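**Student:** Just dropping this structure here.
The values are calculated or read from the model by the stated rules, or taken from the named source; none is laboratory data. In this text the structure is predicted, and so the values were computed from the model without any measurement. Here the Cβ positions follow ideal geometry from the backbone for every residue, glycine too, while neighbour counts run over all protein chains shown. Note: areas computed on protein heavy atoms with side chains; ligands, DNA, RNA excluded. Shrake-Rupley method; radii C 1.70, N 1.55, O 1.52, S 1.80 Å.
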Amino acid sequence: MTAYEELCAITDVCDKFASREIGPAALEADLESRTAWVPEVWTRTREVGIPGLPVPEEYGGAGQPGDGCATVIDVISFYCPGIASVLCNHFAAVACMHHSRASQKAAYFQRLANSEAGEPVIGTVAFPPDTCDLSLTVDGDSVFLDGTVPLLGSALHARYCCLFINEEVNGRAITGLVVDMKAPGVAVGENPKLPGLKVNPFAPVRFERVNIGPDSLLGEKGNAGAILKDGRRAWFGYLAAAAVGAARSASHKARDYASQRYQFGKIIIHHQEIQRMLGAMLMKIDVGTSAYLRALTGEKGGPPWSVPSPLFAKIYCTDMAMEVVLDAIQIHGGYGYMHEYGVEKLMRDCKVLQLMGGSNPSLLTGHTAANVTDIPLK
Amino acid sequence: MDYFHVPFGLSAPAPDLIETVPALGALKKANPSYIERAEAAQKTGRLFARDEILPRMLDIDSACARDPRYFDWDLWRKANQKKLTVALIPEKLGGLGYTALGATILCEEMTSACMGITANILFNNFGLLGSLVEFDTGIVMKIIRDMVKAQKNDTPVFWAWAITEPGAGTDVEEAEAMATMRPSTYAEKVPGGYRINGIKCFITNGSLAHFIIATIPMDRTHPLESMATFMIPASSKGFSVGKVERKCGQKASQTAELIFEDVFIPEENLWEPPGRGLRHTREILSTTRGFVGAAGLGIARGSLERCVHYTSMKKIKNHFLIEEDWVLFAIADMLKDIKAVRAACYNFALAVDTYHVMKLFESRPVRTLLAVLPQSFLLSDFVAHLAASRPIISAARTIKQAMVPDALVENFVKEGSAVKVAGTDLAMNVSSRVCDIVGLEGMSYRYGIEKCFRDAKITQIYEGSNQANRIDLFHHEIGSLIHKEAAI
Ligand SMILES: Cc1cc2nc3c(=O)[nH]c(=O)nc-3n(C[C@H](O)[C@H](O)[C@H](O)COP(=O)(O)OP(=O)(O)OC[C@H]3O[C@@H](n4cnc5c(N)ncnc54)[C@H](O)[C@@H]3O)c2cc1C
């Protein structure tokens, strides 16, 4: 089997799984903000090996590269962006762990792969600036973690969190950690009730004198910049894929609805303005798909001046998903505003996806600011 | 709300209409009473929004999320005691005497706090607006008397306007579309009146209504030619409320399905005869689209104000989020759009007061009569009988028809459509952009920022989808100029 054929086989299995196990229950789970659904689904995803997709084969995973994992997120998000968003964080945690020492890999990968029965193990990630408030203190042989992450995805149900502390203002000294969320001193706060991705148990997390064992450090202390960069690249790519899945779902619903609704003398898909909207949806989804795939493979391929960027993929895909969803609601008319049609849920979900990992305008601003030193001054 | 601390917008200490829209200052010199009433509307609206709506809007939103039929009667009574439920009725008759301008401003202030709650309080005026179309003075006086009496007794009289049905939304608002509509609701002539069957859907206040104004065709194969307007008391046998919808936002406002099973309606409840139903709808739309634009403006404004409050208290590192340059530019950009749309909304309202049906209340004879006659006389049975007498009705109708000809209605639909699209697109754009500024934490339910975003979307859909509004705008401004035979 070529890698491509393998990926097709995986997406096919995941699609069947999600259409059966996730799609039918997603709307009700949203209505009830049922975060407890996540571990339930997680336990079932093991049947098809989803949590272990990015984990290397020798640790019980499927060893799928980033683009393959993103494709699966896209597939899952089509049925429920909330579940997909939990996967984004989990896969990003695995991406961070790729750089860890052999002993850590042995300790964590197997569990994150969820290949064995037992408690579902969900990983999550927290990156600066959300972790600016965190600090480490050395006390004899022990190191303690203190501070808060203002809002952490998957917080309530995550077992491990990879987080990065920026210990110096210039951003060079970055320490990476993998923290056991069940460790003494970790307190998960109240769910802020975000409008979308409601099954994802977001919460602020407080760390109070959490004893960090030596096995918790990712890489060397103060030298995890490369790990952070890689983890974040993967995360942005995955978020982009989740947005594409949500946009696909909206565009399918809009097309299906437009194909049967009669108004203004025609089935509305025959109105040019509806055709333009549906066309624009497909175009944006197509460009978005290329953007996340290219960003995650990091393949050069294109012209030499064009560098694949997961950050840009995240911004483009989440923004375009919002546009697609708004048009999809519009095409549904009044029905689009009603919960049971599921498109307004996608609008709420996409809004939160837009803001995960930092809001898009702030990311753009920050990106340019961070790279300004590379631009030669004439 | 604990974070409303910047003296801006709703939390500004003293509202100043002239500062908001300076051109109104010039008008004030020419017509002081007109602008003073608008100033009063702004003040009343702002205080009510800040003191009564803001503190409760989230509790109401979440109560309605649990149960779409939840209604905060206590808040409604507070509004009623301030006469906001009869705002459009002249002061002398027991209302607040707000003009279209006053009502627009009131709407902006209240929707900036919560769109759904505003709908509960203000949309009731549909009853009055509807009756002004036919201008049967007997009916108009009866409605005014009923509304004023109910206001005094602190008991609700709700009106709903039902045109949409499951198979037709755009089709009940546009002539060309109605000609091809496939109606499911219909009326039949029976001795002494009409029998109605069918379903209307998405009706605001439908589940609370005492009276429903509905457009229903007499002949399902010729909807445009046979569309009539009925006034249906909710107490009619065979009438029932179906489901109350679970919506994305505007949850405080109930949206209901109305079911008609062999409902008998007496002859006198036929407000517009077959063939005139669409005309009735168009006249209502010719003013309400402007108000929906103003509601969009209010949502945008409320959203921006929450953004200013949140970003000015949100610390990032050693400064506040609002001190970031990119935030400054985004806020300025939204302010610019809000100001432009506000000018358009007020301009539309001024036109309604000057040229449309509201000019009746502003006309010298009516104002003089209202000024000199005592209230007890104006609201007396004698006046009510007089108003219901044939010669008065026909004289009033003649005046009204001359005052509001078909061409004027269509012109106002066009102008209203422009304002509606501008205001509601603004609501969506601003509320979405504000989310992008405040970020994930700012989306926490308690800040009410995500609620603005959820509320905004519906404004682009109802009162004619923004596509239908664009069709109207183009058709009346450009389409009618194009000669089909002039092919190149
Ligand atoms: C919360 C809420 C409150 C409401 N309150 C009321 C109320 O009080 N009273 C009442 O009567 N109704 C009410 N409505 C109904 C509302 O007015 C309709 O939903 C609206 O008019 C759109 O109609 P529709 O939903 O049937 O969409 P449709 O008319 O079916 O339109 C579907 C899509 O097709 C598009 N479309 C149609 N024709 C064309 C064309 N020629 N070219 C391009 N695009 C086209 C539309 O723009 C829309 O995007 C309410 C709706 C909601 C959601």
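**Student:** Name the helices (complete DSSP H segments) of chain B with a Cα length along the long axis of 27 Å or more and a Kyte-Doolittle mean of at least 0.5, or state none.
**Tutor:** Numbers: long enough: B:277-311 (49 Å, -0.02); B:325-355 (45 Å, 0.70); B:406-442 (52 Å, 0.40).
Once both thresholds are applied, what remains is B:325-355.
**Student:** Still on this structure, I have one more. Roughly what % of DSSP beta bridges within the protein assembly as shown run antiparallel, to the nearest 5?
**Tutor:** Numbers: 57 of 66 bridges.
Here the antiparallel bridges make up roughly 85 percent for the protein assembly as shown.
**Student:** Quick one: length gained pulling B:Thr180 to B:Arg220 fully straight, 0.36 nm per residue minus the C-alpha distance?
**Tutor:** Working: separation 40, 0.36 × 40 = 14.40 nm, distance 1.04 nm.
Between B:Thr180 and B:Arg220, full extension yields 13.4 nm more.
**Student:** What is the Rg over Rh value, at two decimals, for the stretch B:31-180, using alpha-carbon atoms and the Kirkwood definition of Rh? Kindly include the intermediate steps, with their values, before the conclusion.
**Tutor:** Values: Rg = 16.8 Å, Rh = 16.7 Å.
Rounded to two decimals, Rg over Rh is 1.00.
**Student:** Please compute the modelled spin-label separation between A:Ala9 and B:Tyr355, points set 7 Å along Cα→Cβ, answer in nm with one decimal.
**Tutor:** With each label point 7 Å from Cα toward Cβ, the separation is 7.2 nm.
**Student:** Just want to confirm a number: the relative contact order over the stretch B:159-275, from Cα pairs under 8 angstrom separated by 6+ residues, in percent.
**Tutor:** On the way: 287 pairs, mean separation 35.2, N = 117.
Relative contact order for the stretch B:159-275 comes out at 30 percent.
**Student:** Classify the stretch A:226-371 as rounded, prolate or oblate, taking a ≥ b ≥ c as the square roots of the eigenvalues of its Cα gyration tensor: rounded when a/c is under 1.5, otherwise prolate if a/b is larger than b/c and oblate if not. Kindly include the intermediate steps, with their values, before the conclusion.
**Tutor:** Working: a/c = 2.90, a/b = 2.02, b/c = 1.44.
Cα axes put the stretch A:226-371 in the prolate bin.
**Student:** Tilt of helix A:343-355 relative to the longest C-alpha principal axis of chain A, in degrees (0 to 90, nearest 10)?
**Tutor:** Roughly 30 degrees between the two axes.
**Student:** D for chain A, whole µm²/s, Stokes-Einstein with Kirkwood Rh over alpha-carbon pairs at 37 °C and 0.692 mPa s: what number? Don't skip to the answer; put the middle values down first.
**Tutor:** Working: Rh = 21.2 Å.
It comes out at roughly 155 µm²/s.
**Student:** Of the heavy-atom accessible surface of the protein assembly as shown (probe 1.4 angstrom), what whole percent is carbon and sulfur?
**Tutor:** Values: 19540 of 34190 Å².
Of the solvent-accessible surface of the protein assembly as shown, carbon and sulfur hold 57 percent.
**Student:** A follow-up question, please. Would you grab the residues whose amide H sits under 5 Å from the one on B:Gly193? Only those 5+ places off in sequence or on another chain, please, with H modelled 1.01 Å from N.
**Tutor:** Those qualifying (amide H under 5 Å, at least 5 residues apart or on another chain) are B:Glu267.
**Student:** Hey, another quick one. Please label the shape of the stretch B:159-275 as rounded, prolate or oblate, based on the square roots a ≥ b ≥ c of the eigenvalues of the alpha-carbon gyration tensor (a/c under 1.5 means rounded; beyond that, a/b larger than b/c means prolate, else oblate).
**Tutor:** Oblate, since a/c reaches 1.5 and b/c is not below a/b.
**Student:** For helix A:225-258, what angle does its Cα long axis make with the longest principal axis of chain A, in degrees from 0 to 90 and rounded to 10?
**Tutor:** 20
**Student:** Under 5 Å between amide H atoms, partner at least 5 residues away or on a different chain: which partners does B:Phe4 have, H built in plane at 1.01 Å?
**Tutor:** Under 5 Å from the amide H of B:Phe4 lies no amide H from a residue far enough along the sequence or on another chain.
**Student:** Scan around A:Leu152 for amide H atoms under 5 Å from its own, H built in the peptide plane at 1.01 Å from N, and keep only partners 5 or more places away or cross-chain.
**Tutor:** Those lying under 5 Å, H to H, from A:Leu152 are A:Ala203, A:Val205.
**Student:** Leaving out ligands and nucleic acids, note down the accessible area per residue over the stretch B:159-275 with a 1.4 angstrom probe, in whole Å². Display every interim value, and only then the final one.
**Tutor:** On the way: 4030 Å² over 117 residues.
That works out to 34 Å² for each residue.
**Student:** Show that you can apply the helix-only estimate: for chain B, add -39,500 (n - 2.57) for every DSSP H stretch of four or more residues, divide by all residues, and state [θ] at 222 nm to the nearest 500.
**Tutor:** Details: 21 runs with 268 residues, N = 488.
Taking each H run of at least 4 residues, the total per residue is -17500 deg cm²/dmol.
**Student:** Tell me, what is the FRET efficiency for B:Ala30 and B:Ser62 to the nearest 0.05, using R0 = 45 angstrom and their Cβ-Cβ distance as r? Walk me through the numbers on the way to the answer.
**Tutor:** Working: r = 48 Å, r/R0 = 1.06.
Efficiency at R0 = 45 Å is approximately 0.40.
**Student:** To the nearest 100 Å², how much accessible surface do chains B and A hide from each other in total, with a 1.4 Å probe? Please list the in-between numbers first.
**Tutor:** Working: alone 20510 and 17340 Å², together 34190 Å².
Summing both chains' loss of accessible area gives about 3700 Å².
**Student:** Taking every DSSP beta bridge with both residues inside the stretch A:90-177, roughly what % is antiparallel (nearest 5)? Before the final figure, lay out each step's value.
**Tutor:** Details: 9 of 13 bridges.
Restricted to the stretch A:90-177, the bridges split so that about 70 percent are antiparallel.
**Student:** Check cross-link reach from B:Lys414 to the lysines: straight Cα distance under 25 Å, and skip same-chain residues fewer than eight apart.
**Tutor:** Those lysines meeting the cut-off are A:Lys266, B:Lys336, B:Lys339, B:Lys359, B:Lys400, B:Lys457, B:Lys484.
**Student:** Run down the aspartates and glutamates and flag those whose C-alpha is under 12 Å from the C-alpha of A:Lys351, throwing out any fewer than 8 positions away in its chain.
**Tutor:** A:Asp319, A:Glu323, B:Asp436, B:Glu450
**Student:** So what is the accessible area of the stretch A:185-309 per residue, in Å², with the probe set to 1.4 Å? Numbers along the way, then the final one.
**Tutor:** Details: 5770 Å² over 125 residues.
Here the per-residue accessible area is 46 Å².
**Student:** Any chance you could run the full-extension gain for B:Glu362 through B:Ile482? It's 0.36 nm times the residue separation minus the Cα-Cα distance, nm to one decimal. Spell out each step's value before the answer.
**Tutor:** Working: separation 120, 0.36 × 120 = 43.20 nm, distance 3.71 nm.
39.5 nm is the gain from fully extending B:Glu362 to B:Ile482.
**Student:** Further question: Which aspartates and glutamates have a Cα lying under 18 Å from the Cα of B:Lys149, excluding residues fewer than 8 positions away in the same chain?
**Tutor:** Answer for B:Lys149, where 18 Å is the Cα cut-off: B:Glu91, B:Asp381, listed by chain and number.
**Student:** Taking a spot 7 Å from the Cα of A:Asp215 along the direction of its beta carbon, which residues of the stretch A:173-198 have an amide N less than 16 Å from it?
**Tutor:** A:177-184
**Student:** On a 0 to 90° scale, report how tilted helix A:81-97 is relative to the longest principal axis of chain A, with both axes built from alpha carbons and the result rounded to the nearest 10.
**Tutor:** Long axis of A:81-97 versus the principal axis of chain A: about 30 degrees.
**Student:** In addition: Per residue in the stretch B:411-452, which ones lose no less than 10 Å² of accessible surface when going from chain alone to all protein chains (1.4 Å probe)?
**Tutor:** Those residues are B:Met428, B:Ser432, B:Cys435, B:Asp436, B:Gly439, B:Leu440, B:Glu441, B:Met443, B:Ser444, B:Tyr445, B:Glu450.
**Student:** Hey, got a sec? Which trypsin sites (Lys or Arg not before Pro) in the stretch B:437-484 land in a DSSP loop and have at most 11 other Cβ atoms within 10 Å? Could the numbers behind the result be given before it?
**Tutor:** Numbers: sites: B:Arg446, B:Lys451, B:Arg454, B:Lys457, B:Arg470, B:Lys484; in loops: B:Lys484.
Passing sites in the stretch B:437-484 are B:Lys484.
**Student:** Calculate one ³J(HN,Hα) per residue across the stretch A:138-155 by plugging θ = phi - 60° into the Karplus curve 6.51 cos²θ - 1.76 cosθ + 1.60, and present them in order as whole Hz with x for glycine and proline.
**Tutor:** Using θ = phi - 60°, the values come out as 8, 9, x, 7, 9, 10, 10, 9, 9, x, 10, 9, x, 7, 10, x, 6, 3 Hz.
**Student:** Now for a separate question. Counting only other chains, and only Cβ atoms inside 10 Å, what mean value do you get across the residues of A:315-323? Before the final figure, lay out each step's value.
**Tutor:** On the way: counts 0, 0, 0, 1, 2, 0, 0, 3, 1.
For peptide A:315-323, the averaged partner shielding equals 1.
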